[in-house]
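The values are calculated or read from the model by the stated rules, or taken from the named source; none is laboratory data. What you see is a predicted model, and the numbers here were worked out from it, not measured in a lab. Don't worry about glycine lacking a Cβ; one is built from the backbone with ideal geometry, like all the others, and counts go over all protein chains shown. Ligands, DNA and RNA are excluded from the accessible area calculation, which covers all protein heavy atoms including side chains. Shrake-Rupley method; radii C 1.70, N 1.55, O 1.52, S 1.80 Å.
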Amino acid sequence: LRALSGQPPGTVIPVIYGLTGRYKDASPDGARNTRANALRPEQLLLATNLSDSYLGWHVSGVTMDGSGDVHFALTAGGYERMARRIALSLRNRLAEGAYDGRGPLATTLTRTSTNNFEIAVNLNGAASLSGSALTGYEISINGFSSSLTISSIGVSGGKVVIVTTGDDGTSQAQVRNYRGFDPADSSNALGTYPDGTTIELFPIIVPLAT
């Protein structure tokens, strides 16, 4: 990269990449789902442990084609939305933008009472957070050997609020979303930015715990 860009030896070239997305409108087998679920945490780990490696965007909420054999292809509007996220992260890494293209970031999970949980969110440049009947979330009190039944989940007061059944009120709880090759993300918490554009909440790949 240094040679191709004409940079002198020793110049640090940051690597910015996106979270592995979706294989749309197909039925991936269990092995492919397992690989997708294993790959995404490794991408986060790479960004944490490798200097100048940066996970800058995701495709949750980006419209995909999914017709015929183009299971990874986006629609024209989808490419436009993804390009904006990429551009925001590039500008941010060059110190030209105040926020990146990852969207709002889930930070902590709190049990507010038995069967009631809140996910705190860093808006990451967004002016507000909204959403109702969110999809694809899993919450567990036994390390995801099984999941609690979610009776309602939506955004309130800038947080994702989850109401469950079956919680014992004392065990450590964990929450995650965006699972498998074709994640169920048809409804996600949505950050709205001062210019009116939107980016969905960055997927919770590594579970948050109470």
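Quick notes on this structure:
- Test: residue in the stretch 188-205 that is over 23 Å from Leu88 (Cα atoms), surrounded by 14 or more Cβ atoms within 10 Å (Cβ to Cβ) and over 13 Å from the mean Cα position of the chain (by Cα): no
- Filter result for the condition that a residue is at pLDDT below 95, of a type outside the set (A, V, I, L, M) and in contact with a helix residue (DSSP H, G or I) (Cβ under 7 Å, 6 or more places away or on another chain), over Gly196, Gly180: Gly180
- Residue match in the stretch 183-193 (condition: in a loop (DSSP other than H, G, I, E, B), of a type in the set (A, V, I, L, M) and modelled with pLDDT of 95 or more): yes
- Pairs linking a residue in the stretch 124-152 that is farther than 14 Å from Arg179 by Cα and without any contact (Cβ under 8 Å) to a residue 12 or more places away in the chain to a residue that is charged (D, E, K, R) and part of a loop (DSSP other than H, G, I, E, B), with Cβ atoms under 8 Å and 6 or more positions apart or on different chains, do not occur.
- The number of residues in the stretch 48-62 that are closer than 15 Å to Ile204 by Cα and either open to solvent by 20 Å² or more (accessible area, probe 1.4 Å) or in contact with a Ser or Thr (Cβ under 7 Å, 6 or more places away or on another chain) (or both) comes to 3.
- Any chance Asn33 is modelled with pLDDT under 90 and not charged (D, E, K, R): yes
- Of all the criteria given as (1) more than 19 Å from Asn33 (Cα to Cα); (2) touching a residue at least 24 places away in the same chain (Cβ under 8 Å); (3) of a type outside the set (Asp, Glu), the one not satisfied by Ile205 is (1).
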